[in-house]
Amino acid sequence: MLNALKFIVSLAVAIVLMLIVRAYAFTICTTTSDNLIPGLRRGDKVFVNRLQKSSVGRGDLVVFGDSVLSISRVAAVGGDTIEIGGESFIVTDHCSDGCGCGACRNYLLASDADSVIVTGNEIVGKAYPLKLRMKKE
């Protein structure tokens, strides 16, 4: 009886630790579109490091969103100049309140289908592909 209780407690502790790590440190997401070809295709899995969401740079894959998570590539960071419809714009590197925190920094995320500007608060973490596609010969 004591061994069964030890097993149940150990299993419960392991499950709680796994849920904490998944919620606050690392998780795995599945891509839902082909917007990042040739790098990622629908159904590919990515490892998401939630601890690196503050060290995002140009070219990084990131997961962003609240209720629906999306994967995209960082095209521009705060301070970069982008061109839209023949006009130049600067991606701001601070929030409109002027608080100066790094979480308010803006990023231009681009995929093959569209582009969107998000704040650092909306970024869940950096994404790393888990599966490499081999060329068929």
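In the range 75-95, what residues are on the phi < 0 side of the Ramachandran plot and part of a loop (DSSP other than H, G, I, E, B)? Within the range 75-95, G78, D80, V91, T92, D93, H94, C95 qualify. Of all the criteria given as (1) of a type in the set (V, I, T); (2) modelled with pLDDT of 85 or more; (3) exposed (fewer than 14 other Cβ atoms within 10 Å of the Cβ), the one not satisfied by I84 is (2).
Meeting the requirement of 2 or more residues that are polar (S, T, N, Q) and open to solvent by less than 90 Å² (accessible area, probe 1.4 Å), the strands (runs of 3 or more DSSP E) wholly within the range 1-74 are 26-30.
Of all the numbered requirements in (1) modelled with pLDDT under 85; (2) closer than 20 Å to I117 by Cα, V56 misses one, and that requirement is (1). Note on the range 17-40: among residues that are modelled with pLDDT under 80 and touching a Lys or Arg at 6+ places or on another chain (Cβ under 7 Å), the one that is nearest to G79 (Cα to Cα) is L36.
Mind checking whether some residue in the range 91-105 is of a type in the set (A, V, I, L, M), at pLDDT below 85 and open to solvent by less than 50 Å² (accessible area, probe 1.4 Å)? Yes, some residue in the range 91-105 is of a type in the set (A, V, I, L, M), at pLDDT below 85 and open to solvent by less than 50 Å² (accessible area, probe 1.4 Å). Looking only at residues in the range 120-129 that are assigned to a strand (DSSP E or B) and open to solvent by less than 40 Å² (accessible area, probe 1.4 Å), the one that is nearest to I71 (Cα to Cα) is A127. Is the range 73-85 home to any residue that is out of contact with any helix residue (DSSP H, G or I) (no Cβ under 7 Å at 6 or more places or on another chain), small (G, A, S) and without any contact (Cβ under 8 Å) to a residue 12 or more places away in the chain? There is at least one residue in the range 73-85 that is out of contact with any helix residue (DSSP H, G or I) (no Cβ under 7 Å at 6 or more places or on another chain), small (G, A, S) and without any contact (Cβ under 8 Å) to a residue 12 or more places away in the chain.
The values are calculated or read from the model by the stated rules, or taken from the named source; none is laboratory data. Keep in mind that this is a model prediction, so the values were computed, not measured. With ideal geometry, Cβ positions are generated from the backbone for all residues, glycine too; neighbour counts draw on all protein chains shown. The protein model used for the area step is the full one, side chains on, heavy atoms only, and it has no ligands, DNA or RNA in it. Shrake-Rupley method; radii C 1.70, N 1.55, O 1.52, S 1.80 Å.
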